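Here is the structure we will look at.
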Amino acid sequence: MKYIKLSFIAIGCLLITAFTFKFNEKQSSLELKGHIFHQETKIENALVKLYQDNTIVQKIHTKKSGKFQFLLFSNMDYSIEIEMENYITERIKISTKTKTEFGGKYLYEFRVDLMKATKFKGVDISNLDFPTAIINYDEKFGEYVHNKTYAKEVKEEMKRLKEEARNIK
């Protein structure tokens, strides 16, 4: 009987330690705010889809302000897809898998400039099916940032596609 009591006490201590460790992990969230434009005009009624691990978890349409907002949780991979008739669909990848500096809420705001599909008439734009931006936590700066190296590659590809479209006309 004495061993049974000691076993229950030991198991109880292990469970308390395990739960305490789990709940003391630094959990954070990311409040993501986007603003959708075409040139300097705010885009109303764009469909914005939030994907979590390739599954749609939320959909919204932008209002007159062209704004959208999502709350993302830590340790996940997300994608945002922005669709609007007569515009090229934009995709953005966001990772919250990197451990953040502190538990709590982070904020990241950004602007998305949609491009008219007619600008690329006759051009193979299948490369634009990939994300145009990658956002992740940068431990060095202690905040969420755009991946500048990736952004530079996308900018070069956009420049090439625009040039190709000009040459077709």
Looking at region 69-133 from every direction and averaging, what is the projected area of its Cα convex hull in nm²?
5.3
Listing Ile36, Ile56, Ile92 by rising number of other beta-carbon atoms within 10 angstrom, fewest first, gives Ile56, Ile92, Ile36
Label model pair Glu164, Phe141: point-to-point distance (7 angstrom along the Cα→beta-carbon line) in nm is 3.0
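Read-outs throughout are calculated quantities, based only on the coordinates presented, and are distinct from any laboratory measurement. Everything quoted here is computed from the prediction, not taken from an experiment. Counting neighbours? That spans all protein chains shown, and the Cβs are built from the backbone with ideal geometry, glycine included.
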